[in-house]
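Structure, as structure tokens:
Please treat every number below as a calculation from the coordinates, not as lab data. Please read all numbers here as calculations on a predicted model, not as lab measurements. All Cβ positions, even for glycine, are placed from backbone atoms using ideal geometry, and neighbour counts span all protein chains on display.
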Amino acid sequence: MADQKRRDFIGMVFGGFAAAGGAAALYAMKRTWDPLPSVMAAGFTTVDLSPMKPGEFRTVTWRGKPIFILKKDHTDLKKCDDADVKVGEGDYLVRIGLCTHLGCIPAWEPGKQIFKCACHGGEFDACGANTFGPPPRPLDIPPFKIEGTKLVLGEEGPEYKKLVGKA
Ligand code: FES
């Protein structure tokens, strides 16, 4: 009887070691498969929009592409209810700054409130819509999410899904 109990105890101890070893092996494998933090961070660009003034235009870079950010509120800039992004109290146009014709980088002309592409004369309005010349469609919207006053480029948040009709 005592022998049986001893064998049960030893079996439980070995079982415990085996379970702990298996869990440790799974954890080690997961660490190996997960991308490095530096690789994960490389796909995202975070921009704090709070310092931007009304009417200000900025270009930031995300995955090697120019991203246009135009702050709309409290100015005579055209607001675009179905194209702007609301962040805090401000409305912003956020678009990939590559012409949808052949990929040149249009320039923002604040006096005319248009993005003008020097390559073949294409134009986009302050809502990102193609309004003149060969561009076949509006400026593209980069995947983004909003975190407080920050724009995080590279992840599809609810605001992005609403804009592109995925929500
Ligand atoms: S690349 Fe912009 S109009 Fe052709």
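Over the stretch 60-167, what is the mean sequence separation of C-alpha contacts under 8 Å (at least six apart), divided by residue count, expressed as relative contact order in percent? Taking the mean separation of contacting Cα pairs over the length of the stretch 60-167, I get 20 percent. Excluding residues on the same chain fewer than 8 positions from Lys72, give the lysines whose Cα lies under 27 Å from its Cα. Within reach: Lys53, Lys86, Lys112, Lys116, Lys145, Lys150, Lys161, Lys162, Lys166. Lys65: which lysines have alpha carbons under 16 Å from its alpha carbon, excluding same-chain residues fewer than 8 sequence positions away? By straight Cα distance, Lys65 reaches no lysines at all.
Straightening the chain between Leu102 and Lys161 buys 18.7 nm, computed as 0.36 nm per residue apart minus the Cα-Cα spacing. Distance from the Cα centroid of the stretch 141-155 to that of the stretch 49-75 is 12 Å (rounded to whole angstrom). Taking other residues whose beta carbon is less than 12 angstrom from the beta carbon of Cys117, and scoring Lys, Arg as +1 and Asp, Glu as -1, yields -1. Summarising the label geometry, the points placed 7 Å from Cα in the beta-carbon direction at Glu56 and Lys116 lie 2.5 nm from one another.
For the listed peptides 91-97, 120-126, 66-72, 133-139, a ranking on the average number of other beta carbons within 10 Å per residue, highest first, reads 91-97, 66-72, 120-126, 133-139. Shown in residue order for the stretch 54-64 are the 3J(HN,Hα) couplings computed by the Karplus curve 6.51 cos²θ - 1.76 cosθ + 1.60 at θ = phi - 60°: x, x, 6, 10, 9, 10, 10, 10, 9, 6, x Hz (x for Gly and Pro).
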